[in-house]
Amino acid sequence: MIQFRLGEVLKSKGWTPYRLSVVTGLTAPTAYRLADPKMEFGRFTADTLDRICKALDVQPGDLLDYVPDPTEDLVEPLRQTT
């Protein structure tokens, strides 16, 4: 499962979701939704990620964490044939 850490990054930089919306052109509700750690991670465009990274001077990896979900069935990895 991918976790979006925008709220943590905003807090560490002293920003609010509202300030992010003003700087990036995202709507305020979108910025608040993306910053809320309790919200389900949804879809957003590469343009949105680009705007956030540019505004906060961060890399995408600073905003995203991969945490395995133990309740999900694992997909068998592809085997290479020689």
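The values are calculated or read from the model by the stated rules, or taken from the named source; none is laboratory data. Quick caveat, the model's predicted, so the values are computed rather than measured. Neighbour counts are summed over all protein chains in view; Cβ atoms, including those assigned to glycine, are modelled from backbone coordinates with ideal geometry.
Take the range 1-17 and flag every residue that is at pLDDT 95 or above and surrounded by fewer than 13 Cβ atoms within 10 Å (Cβ to Cβ). The answer is Lys11, Ser12, Gly14. Pull up the range 14-27, narrow it to residues that are within 18 Å of Asp47 (Cβ to Cβ) and of a type in the set (Gly, Ala, Ser), then point me to the one that is nearest to the chain's Cα centre (by Cα). So, considering only residues that are within 18 Å of Asp47 (Cβ to Cβ) and of a type in the set (Gly, Ala, Ser), the one nearest to the chain's Cα centre (by Cα) is Ser21. Scanning the range 38-62 for residues that are touching a residue at least 12 places away in the same chain (Cβ under 8 Å) and in contact with a Lys or Arg (Cβ under 8 Å, 6 or more places away or on another chain) returns Leu56, Asp62. The residues of the range 20-46 that are loosely packed, with under 15 Cβ neighbours inside 10 Å, on the phi < 0 side of the Ramachandran plot and of a type outside the set (A, V, I, L, M, F, W, C), listed by number, are Thr27, Pro29, Asp36, Pro37, Lys38, Glu40, Gly42, Arg43, Thr45.
Here the range 1-37 is the region considered, the condition is being without any contact (Cβ under 8 Å) to a residue 12 or more places away in the chain and small (Gly, Ala, Ser), and the residue that is nearest to Gly61 (Cα to Cα) is Ser12.
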